[in-house]
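Report on one structure; see the data block that follows.
The values are calculated or read from the model by the stated rules, or taken from the named source; none is laboratory data. Because the structure is predicted, anything quoted here is derived from the model rather than measured. Cβ atoms come from the backbone with ideal geometry, glycine included; neighbour counts cover every protein chain shown.
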Amino acid sequence: MPDDPRDATAAPPPQPDPACPRCGGEGVVPGAEGEHARLELCGCIPPCPRCGGTGRVFVQREDGTTVAGRCACQRLPDRVAIFNRAGIPARFNRATLVSFARGAGMIGDGDKIAAFQAAAAWLKSFDPARENRGRRGRGAPGRGKTHLLVAVARSLILDRGVRVRFIEFTRLLGLLREGYGAGRSDAVLLNELAAVPVLAIDELGKGRMTDWELSVIDDIVSRRYNSFGCLLGTSNFRPAPPSGAPVPELASAAIQRQTLGDRLGERTWSRLGEMCDFVEVGGVDYRVVGRSR
Ligand SMILES: [Zn+2]
Ligand SMILES: [Zn+2]
């Protein structure tokens, strides 16, 4: 998708109102409810005088000829389109780095502030043109890992125009099963997850981890490893190699003592270790904090 203006001489496109109470100057507001988070452009962005809202402009080249180009005003709409296809769950429609930091600051949660700083530093170092080591947030349920993962994805999309695909691991398994039930091949979805510049997987290691489930995650991680794709993720499991401990029943409390290596297998674990840095998202349990107020 073309993202940048082709005409360096053009005036900057119309900007959102920095004092807009609806969008806070971001230019986007949450869209219609559904399974996935959606954004819409805010009405505070003035109409574009250059293209009249069509997005098409003619750009004069140095040799005097003109070519059709994409107007600079389309940058935000293009990024909103990427966001709306990213597969972010609807309940995280408003999850941003600012909302994460504000929540952590308000409850004085040093661990979460440290996780926010690590995410912000990673975003700063991210360069779409080269191989990027991913980040994996790890922490117990309710610690804000998914919020942080979505916020990082949102920033990559809206601030940088990077294509990101978000998927919750057990949801991915469900989609694949539905596809098999309907006689569809899994190739389209798995190819998309292998090829997107940044893949964000929520809840790595969750599930029963049957041979089939292990083969799905192995396939995705291997393909991204081979193509130097960036992988972000979250997990409730400790980032450590396989411990060799026997696999407990899903309902057993002992499952929490398993490592991510136990859950994913040696091969996938060692590739993840090469591809990702690990960030602990500890601190106060957000859901408990929310309930107690
Ligand atoms: Zn606005
Ligand atoms: Zn325009």
Requested in this report: Please work out which one of (1) more than 16 Å from ligand 1 (Cβ to nearest atom); (2) surrounded by fewer than 18 Cβ atoms within 10 Å (Cβ to Cβ); (3) in contact (Cβ under 8 Å) with a residue 12 or more places away in the chain; (4) not assigned by TED's automatic domain parsing to the domain that holds P197 is the condition P46 fails and give its number.
Outcome: (1)
Query raised in the report: How many residues are surrounded by 17 or more Cβ atoms within 10 Å (Cβ to Cβ), within 16 Å of ligand 2 (Cβ to nearest atom) and within 16 Å of A81 (Cα to Cα) if we restrict to the stretch 14-41?
Result: 1
Query raised in the report: Mind checking which residues of the stretch 152-180 are among the small types (G, A, S) and in a loop (DSSP other than H, G, I, E, B)?
Result: G161
Requested in this report: Please work out if V98 is of a type in the set (A, V, I, L, M, F, W, C) and surrounded by 17 or more Cβ atoms within 10 Å (Cβ to Cβ).
Outcome: no
Query raised in the report: Just for the stretch 196-211: of the residues that are surrounded by fewer than 24 Cβ atoms within 10 Å (Cβ to Cβ) and at positive phi, which one is nearest to the chain's Cα centre (by Cα)?
Result: E203
Report summary line: Filtering the stretch 196-235 for residues that are among the polar types (S, T, N, Q), closer than 23 Å to N132 by Cα and in a loop (DSSP other than H, G, I, E, B) leaves a count of 1
Requested in this report: Would you please name the residue that is modelled with the lowest pLDDT, looking only at residues in the stretch 108-127 that are over 23 Å from I157 (Cβ atoms) and surrounded by 13 or more Cβ atoms within 10 Å (Cβ to Cβ)?
Outcome: D109
